[in-house]
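Participant: Mind having a look at this structure? Questions to follow.
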């Protein structure tokens, strides 16, 4: 039976360790992928969102136009995907009456009030609010915008919780400007 010398054994072990380490380091992403410069209708910047995103290899953004028309197109959604999975979701819905604003689906997340828009809320992984764009004039309905940001895959929950109120304020400011709301 052939015997392996000390040098050959050391070289073999080094080669195996190198191959194992190289294989592992290339298979897992180590950073957030490059994001678009402006995100979700231009509301957010790459620098604001990147620290809140999970690591990955590829980022893609899909966004509806932020337009609510006479045909009653009543919502707009922007999704930022990291490796094909949601990294961030931003949604805005036009409602006719303020009592249609409903956050009950988030009750399980135990939301806490924040001072953003009307009755702003923050929960682990997201925040939402609404604003009155036009008060109803009987019998005509009004125009209310309910909006939320969800980023439940963020690796740093404390940083996310600190950032969400400011991001939601930016979304409210954008919606007011785009929709000519007071």
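The values are calculated or read from the model by the stated rules, or taken from the named source; none is laboratory data. Being a predicted model, the structure only gives us computed values, none of them experimental. Note that we place each Cβ from the backbone using ideal geometry, even for glycine, and neighbour counts take in every protein chain shown.
Participant: May I ask you to verify whether residue 42 is surrounded by 12 or more Cβ atoms within 10 Å (Cβ to Cβ), touching a helix residue (DSSP H, G or I) at 6+ places or on another chain (Cβ under 9 Å) and more than 15 Å from residue 148 (Cα to Cα)?
Facilitator: yes
Participant: Continuing with this model, one more query. If only one of 146, 170 is within 19 Å of the chain's Cα centre (by Cα), closer than 30 Å to residue 83 by Cβ and outside any helix (DSSP H, G or I), which one is it?
Facilitator: Result: 146 is the single residue among 146, 170 that is within 19 Å of the chain's Cα centre (by Cα), closer than 30 Å to residue 83 by Cβ and outside any helix (DSSP H, G or I).
Participant: Also, I was wondering about something else. Please give the number of the condition residue 91 fails out of (1) at pLDDT below 95; (2) surrounded by fewer than 19 Cβ atoms within 10 Å (Cβ to Cβ); (3) under 17 Å from the mean Cα position of the chain (by Cα).
Facilitator: (1)
Participant: Still on this structure, I have one more. Scan (1) loosely packed, with under 15 Cβ neighbours inside 10 Å; (2) touching a helix residue (DSSP H, G or I) at 6+ places or on another chain (Cβ under 6 Å) for the single condition residue 140 breaks and write down its number.
Facilitator: Exception for residue 140: condition (2).
Participant: Can you tell me which residue is modelled with the highest pLDDT among those in segment 151-182 that are within 23 Å of residue 136 (Cβ to Cβ) and surrounded by fewer than 13 Cβ atoms within 10 Å (Cβ to Cβ)?
Facilitator: Checked segment 151-182; the qualifying residue modelled with the highest pLDDT is 177.
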